[in-house]
Amino acid sequence: MALPIIADCLRCAFKWTHSASSQYAVNVMHFSGDASSMDACATALAANVTPSQFGQITDSAAVTELTITPLDGSSVSRSYDLSASWKGAAASTDQWVPNTALVLTLRTGFRGRSNRGRVYLPFVDEGAVENGQLLAAAGLIAGPWNDFKDAMNADAHPWEVASYLNATMNFVTQVAVNQAAGTQRRRQSRLR
């Protein structure tokens, strides 16, 4: 599928790698910006993230590659290493729950499927879930993600929900966390 053209939108693909198993997962998020602001966006992403955003992710996982692609239809992608800042914070013995994710729900000021998004954070630590539920309160997990959203806004790279179907984007107004651990079916084939 070809990427749409959405003016002033940066597609950021975060490649998570689990160091003990060499397995990986990719999250895609979108931020405001153009081709000339890719380096500034990567710098803001590294500076505004906090360990509390990844308290349920095993400390053996990190974003080893960030690929930023301007959705202008002509600019080339650029890659960055975020492993020093985007990494799991749950001290563990490298045990994580396969096919399980911490699910962030991204809300905008508009209703409908094209105006909301989800992020499936991989490599949830075994000690962070019980009976399919996150042990930490969803509100406590969402707080640092909303702080991150506000910091990205202040750095002139607001977090966006991009609709590839409609070739539009809308600002993220709230990040919510689902108490139940989730799964994204497309990932299961990578774990075999």
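All of the numbers you see were taken from the coordinates with simple rules; none came from a lab. Because the structure is predicted, anything quoted here is derived from the model rather than measured. Please note: Cβ atoms are built from the backbone with ideal geometry, for glycine as well, and neighbour counts cover all protein chains shown.
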Quiz item: Tally time: how many residues in segment 70-113 are surrounded by fewer than 16 Cβ atoms within 10 Å (Cβ to Cβ), more than 16 Å from the chain's Cα centre (by Cα), under 30 Å from Gly127 (Cα atoms) and not aliphatic (A, V, I, L, M)?
Solution: 5
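Any residue in segment 150-165 that is among the aromatic types (Phe, Trp, Tyr) and assigned to a strand (DSSP E or B)?
Looking through segment 150-165, at least one residue is among the aromatic types (Phe, Trp, Tyr) and assigned to a strand (DSSP E or B).
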Quiz item: Can you find even one residue in segment 101-121 that is touching a residue at least 60 places away in the same chain (Cβ under 8 Å), assigned to a loop (DSSP other than H, G, I, E, B) and within 18 Å of Thr183 (Cβ to Cβ)?
Solution: no
Quiz item: Looking at segment 143-169, which of its residues are buried (at least 18 other Cβ atoms within 10 Å of the Cβ) and among the hydrophobic types (A, V, I, L, M, F, W, C)?
Solution: Trp145, Phe148, Met152, Trp159, Val161, Ala162, Met169
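Which of the residues that make up segment 23-69 are in a loop (DSSP other than H, G, I, E, B), of a type outside the set (Ser, Thr, Tyr) and surrounded by fewer than 17 Cβ atoms within 10 Å (Cβ to Cβ)?
Across segment 23-69, the qualifying residue is only Asp34.
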Quiz prompt | Failed condition for Ser75, given (1) of a type outside the set (Asp, Glu); (2) in contact with a Phe, Trp or Tyr (Cβ under 9 Å, 6 or more places away or on another chain); (3) farther than 16 Å from Ala47 by Cα; (4) free of Cβ contacts under 8 Å to residues at least 60 places away in the same chain | solution = (2)
Quiz prompt | Only one of Thr17, Thr69, Thr58 that is closer than 20 Å to Asp155 by Cα, out of contact with any Cys (no Cβ under 6 Å at 6 or more places or on another chain) and of a type in the set (Ser, Thr, Tyr) | solution = Thr69
